[in-house]
1. Report yes if F33 is among the hydrophobic types (A, V, I, L, M, F, W, C) and modelled with pLDDT under 95, otherwise no.
2. I want to confirm something. Restricting to the range 10-20 and keeping residues that are surrounded by fewer than 10 Cβ atoms within 10 Å (Cβ to Cβ) and at negative phi, which single residue is farthest from the chain's Cα centre (by Cα)?
3. Given the structure, is E40 modelled with pLDDT of 90 or more, out of contact with any strand residue (DSSP E or B) (no Cβ under 6 Å at 6 or more places or on another chain) and either among the polar types (S, T, N, Q) or surrounded by 10 or more Cβ atoms within 10 Å (Cβ to Cβ) (or both)?
4. Within the range 4-26, is there a residue that is assigned to a loop (DSSP other than H, G, I, E, B), modelled with pLDDT under 90 and among the β-branched types (V, I, T)?
Amino acid sequence: MTSNPPKTNPLPPGDRLLTVAEAAELLNTSERFPRRLIAERRIRFVSAR
């Protein structure tokens, strides 16, 4: 019998992940702006696999 490790949430309580489109909408910009912030490592991101 194998035990599964406990699932952990890497985000602080109250935080949630946004898609690039959602971030752009909240910032009232095009999707290009949040993508640039990600490329410059100015905001945290999680890549989809």
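The values are calculated or read from the model by the stated rules, or taken from the named source; none is laboratory data. It should be emphasised that the depicted structure is a prediction, and the values quoted were computed from it without experimental measurement. As a convention, Cβ positions derive from the backbone with ideal geometry for all residues, glycine included, and neighbour counts pool all protein chains shown.
1. Details: among the hydrophobic types (A, V, I, L, M, F, W, C): yes; modelled with pLDDT under 95: no.
Considered against the rule, which asks whether it is among the hydrophobic types (A, V, I, L, M, F, W, C) and modelled with pLDDT under 95, F33 comes out as no.
2. Looking at the filtered set, the residue picked out is P13.
3. On the way: modelled with pLDDT of 90 or more: yes; out of contact with any strand residue (DSSP E or B) (no Cβ under 6 Å at 6 or more places or on another chain): yes; either among the polar types (S, T, N, Q) or surrounded by 10 or more Cβ atoms within 10 Å (Cβ to Cβ) (or both): no.
Judged against the criteria, E40 is not a match.
4. Checked against the condition, which is being assigned to a loop (DSSP other than H, G, I, E, B), modelled with pLDDT under 90 and among the β-branched types (V, I, T), the range 4-26 yields at least one hit.
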